[in-house]
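Below is one structure, written out as structure tokens, with a few remarks after it.
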Amino acid sequence: MGLIELIGEWINPGKVGTVDIRKGEKEKHLGLLMVKTFLSTVIIGGLYWLIVGLSFHMKELLSFIAGITVYSTVSYFITPRPDYSNIGWAGGLFNNPFRISDDMNRMLIFIMVLLMPGRLISTTVLSLIDLFRE
């Protein structure tokens, strides 16, 4: 954050997105739920392999499950909503040196992308629970 960004923001303020705290939508279509279940399984398996490796110890497994549970819960309830009209120059390829609000919107995009796999996992698990309940 530079002085030029602060002065530019003071002269011509830009719009900043929001962060919603709400629940995600559950999937009702069975075919799409099967695809989401496959993708969620691949994501969880890939993360387990990257973090723990091929070893299997109960302590590591329980720590991994606790971490995925916290990550998925946070991803389920927090939804970043960036303002795409203010993400920098050339569609976000270049930073606007006269605004800090575009940096905040790009940070919201980064957080949104970071939380997407957890949101996929949590909505899939809850949709499967609803399906097996019926």
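In nm, what is the difference between 0.36 nm times the number of residues separating residue 61 and residue 89 and their Cα-Cα distance?
Using 0.36 nm per residue and subtracting the Cα-Cα distance, I get 5.6 nm.
Treating r as the C-beta distance of residue 74 and residue 39 and R0 as 22 Å, the FRET efficiency rounds to 0.70. Among 36, 59, 15, the order of accessible area from largest down is 59, 15, 36, computed with a 1.4 Å probe on protein heavy atoms.
Pairs of Cα atoms nearer than 8 Å and 6+ residues apart set the relative contact order; for the range 27-132 it is 40 percent.
With Cα atoms as the point set, the chain shows a radius of gyration and Dmax of 19.3, 59 Å.
The values are calculated or read from the model by the stated rules, or taken from the named source; none is laboratory data. Since the model is a prediction, treat every value here as computed from it, not as a measurement. Note that each Cβ is placed from the backbone with ideal geometry, even for glycine, and that neighbours are counted across all protein chains shown. These area figures cover heavy atoms from the full protein model, side chains too; ligands, DNA and RNA do not enter into them. Shrake-Rupley method; radii C 1.70, N 1.55, O 1.52, S 1.80 Å.
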